[in-house]
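Working notes for the structure below.
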Amino acid sequence: MRALVVEHGEAGPVRFADVDEPEPSSDEALVEIRHIGLNFGELNYLHLWQSGAVHGHDAAGVVVRAAADGSGPPEGTRVALGMSSHAWAERVAVSPASLGIVPEGVDLADGAALGIAGVTALRVLRKRSLLARDVLITGASGGVGHFAVQLAALAGARVTALVGSPDRAAGLRELGADRVLTDLAGTEYSFDFVLDTVAGPLLAQAWHRLAGGTIHLVGYSSGQDTTFPSGALFGFGESRSITTYGDMTPTSEDLTDLLGLVAAGRLSVPVGLRGSWLDVDDAVQALFARKVHGKIVLDVV
């Protein structure tokens, strides 16, 4: 069967290859993949994966063989895969713990966009009550950012969305942002909670605007170092903290929650680019060039 595998050479970051058919264990379902979702991190940090390995973590498809032990969804069920290894192939053996059932009325392709980005936003924003809190989402035009803006607004927060340029602000107010900024320098706003996907100098700026609470680090898309001025990490008053994120626990329940919100019309899936997986090279270039607002979903053909 065909799959997208890790390529460490100039032809990378991924290439097509013929690979062996998966052999599900008794507690795994066999899923025919119809759509895959691309994420910046898994394509930008390829040193973390072995060359030639089937790549990808987010996808959606149909169960063609249920798990032999009776766990998980039955044959014919439409499912989304989230944070599931080796997902970018025509068929995948996957644990039910990584599957969310896609409700009727929800586009199967939207399920492929939820995994890493949607689950990350959901898990971070569940860390504390956001009702009437001032929340800052950096990199708000990206996949995590689009979901985080909506989920924070649904939780009752006053949401500030930070983007890199005015052209990346489109649609964020409609998703629930109360304010959209392109810079923190000089702003008088302060925040109780920050979800940061950018890092670099912006992280130090966000720290200065944190009235109390926590900055949650979920990415470092800037690729730049963060330097804090002398004394910046000392202060009186309400305590402040910075915490990392790396929750790799099973995603089934979170995917189900997100898909339920989509089915109810309360969560929009921001697919900024939709195409064929045969055009994956063009899609990767668009992702790296930050030309895509939201998620990239490619159809397996």
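Quick notes on this one:
- Qualifying residue in the stretch 34-41 (condition: at pLDDT 95 or above, open to solvent by 20 Å² or more (accessible area, probe 1.4 Å) and more than 16 Å from the chain's Cα centre (by Cα)): yes
- Count - residues of the stretch 262-288 that are in a helix (DSSP H, G or I) and either touching a Lys or Arg at 6+ places or on another chain (Cβ under 6 Å) or surrounded by 17 or more Cβ atoms within 10 Å (Cβ to Cβ) (or both): 7
- Among the residues of the stretch 229-261, those that are part of a loop (DSSP other than H, G, I, E, B) and aliphatic (A, V, I, L, M) comprise ALA232, LEU233, MET248.
- Among the candidates GLY231, GLY237, GLY246, GLY223, residue that is under 30 Å from PRO103 (Cα atoms), free of Cβ contacts under 8 Å to residues at least 40 places away in the same chain and surrounded by fewer than 19 Cβ atoms within 10 Å (Cβ to Cβ): GLY246
- Selected residue [touching a residue at least 60 places away in the same chain (Cβ under 8 Å) and of a type in the set (A, V, I, L, M)] from VAL194, VAL262: VAL262
- Restricting the first member to the stretch 268-284 and to residues that are at pLDDT below 95, and the second to residues that are open to solvent by 30 Å² or more (accessible area, probe 1.4 Å), the beta-carbon pairs closer than 6 Å and six or more apart or on different chains are GLY272/HIS293.
- Check on LEU131, in contact (Cβ under 8 Å) with a residue 60 or more places away in the chain and either outside any loop (DSSP other than H, G, I, E, B) or open to solvent by 50 Å² or more (accessible area, probe 1.4 Å) (or both): no
- Of all residues in the stretch 45-73, those satisfying the criterion of being crowded, with 16+ Cβ neighbours inside 10 Å, under 19 Å from ALA11 (Cβ atoms) and either among the basic types (Lys, Arg) or more than 14 Å from the chain's Cα centre (by Cα) (or both) are LEU46, TRP49, VAL54, HIS55.
- Condition met for ALA17 (more than 20 Å from the chain's Cα centre (by Cα), outside any strand (DSSP E or B) and hydrophobic (A, V, I, L, M, F, W, C)): no
- Of all the listed residues (LEU287, LEU258), the sole one being of a type in the set (A, V, I, L, M) and at pLDDT 95 or above is LEU258.
- Leading residue by the ranking (surrounded by the most Cβ atoms within 10 Å (Cβ to Cβ)) among those in the stretch 184-218 that are of a type in the set (Phe, Trp, Tyr) and not in a strand (DSSP E or B): TRP207
- Tabulated pairs, the stretch 162-185, first touching a residue at least 60 places away in the same chain (Cβ under 8 Å) and over 16 Å from PRO201 (Cα atoms), second surrounded by fewer than 19 Cβ atoms within 10 Å (Cβ to Cβ) and of a type in the set (Gly, Ala, Ser), C-beta under 7 angstrom, 6+ apart or interchain: LEU175/SER268
- Residue in the stretch 77-95 that is assigned to a helix (DSSP H, G or I), aliphatic (A, V, I, L, M), touching an Asp or Glu at 6+ places or on another chain (Cβ under 8 Å) and crowded, with 24+ Cβ neighbours inside 10 Å present: no
- GLY111 vs. criteria open to solvent by less than 20 Å² (accessible area, probe 1.4 Å) and assigned to a strand (DSSP E or B): no
The values are calculated or read from the model by the stated rules, or taken from the named source; none is laboratory data. Just so you know, these numbers come straight off a predicted model, no measurement behind them. Cβ sites come from the backbone with ideal geometry, for glycine too, and all protein chains shown count toward neighbours. Heads up: the accessible areas ignore ligands, DNA and RNA and are worked out on the full protein's heavy atoms, side chains in. Shrake-Rupley method; radii C 1.70, N 1.55, O 1.52, S 1.80 Å.
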